[in-house]
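Below: one structure, written as structure tokens.
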Amino acid sequence: MDQYYLEATQESGKAFFSQDIPGEFYMLNLLQFRELANYSEFPNLSPTESISGKQAYQRYMKHTLPLLNAIGSEVVFQGSSGTFLIGPQAEKWDWMLLVRHKSRKAFMGLASNKEYLAGKGHRNAALHDSRLLPIVEGSFAT
């Protein structure tokens with residue numbers, strides 16, 4: 001059975017909090033869009049006509065970017081990809097984002113912000129599958 005990931009679990013949230021992230025960190029977002037957005041759980045956000053998953057995600061980003069910027073976060077990279085050079089050839093991600101966050105506290109504040117949550121349904125309607133990977137900058141020279 002295939003397993004898809006759209007939300008953090010209690011276990012993954014707990015692991016995120018237990019990581020040593022004293023300040024700034026990055027969040028790698030791997031996104032796989034639905035062919036057609038599914039607004040069945042978010043009828044209040046549903047457009048009058050069907051739209052693609054990518055279009056729904058664009059609505060999510062339009063809603064979310066000002067909120068990210070307001071907490072000092074920023075999208076530092078975004079782009080599309082093909083198949084892996086090293087990795088499972090069947091695994092395909094449509095879009096990737098790398099977001100710099102000022103702190104874990106700021107990130108968690110956004111995740112529970114009422115204004116953010118009001119538009120988060122666009123993300124869930126857009127995505128078939130996703131991954132979020134927190135990354136802390138470091139060096140091999142230590």
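Below, the figures for the structure above:
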| read-out | value |
| --- | --- |
| Condition check for Phe42: closer than 17 Å to Ala111 by Cα and touching a helix residue (DSSP H, G or I) at 6+ places or on another chain (Cβ under 9 Å) | no |
| Residue count for segment 31-54, restricted to those that are surrounded by fewer than 16 Cβ atoms within 10 Å (Cβ to Cβ) and small (Gly, Ala, Ser) | 3 |
| Criterion (on the phi < 0 side of the Ramachandran plot, without any contact (Cβ under 8 Å) to a residue 12 or more places away in the chain and surrounded by 10 or more Cβ atoms within 10 Å (Cβ to Cβ)) met by exactly one of Leu65, Leu28 | Leu65 |
| Filtered residues of segment 11-37 (kept if within 17 Å of the chain's Cα centre (by Cα) and either modelled with pLDDT under 95 or polar (S, T, N, Q) (or both)) | Ser12, Gly13, Phe16, Asn29, Gln32 |
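The values are calculated or read from the model by the stated rules, or taken from the named source; none is laboratory data. Here the structure is a predicted model, which means the values were calculated and not measured. Because the Cβ atoms are built from the backbone with ideal geometry, glycine has one as well, and the counts that use them run over all protein chains shown.
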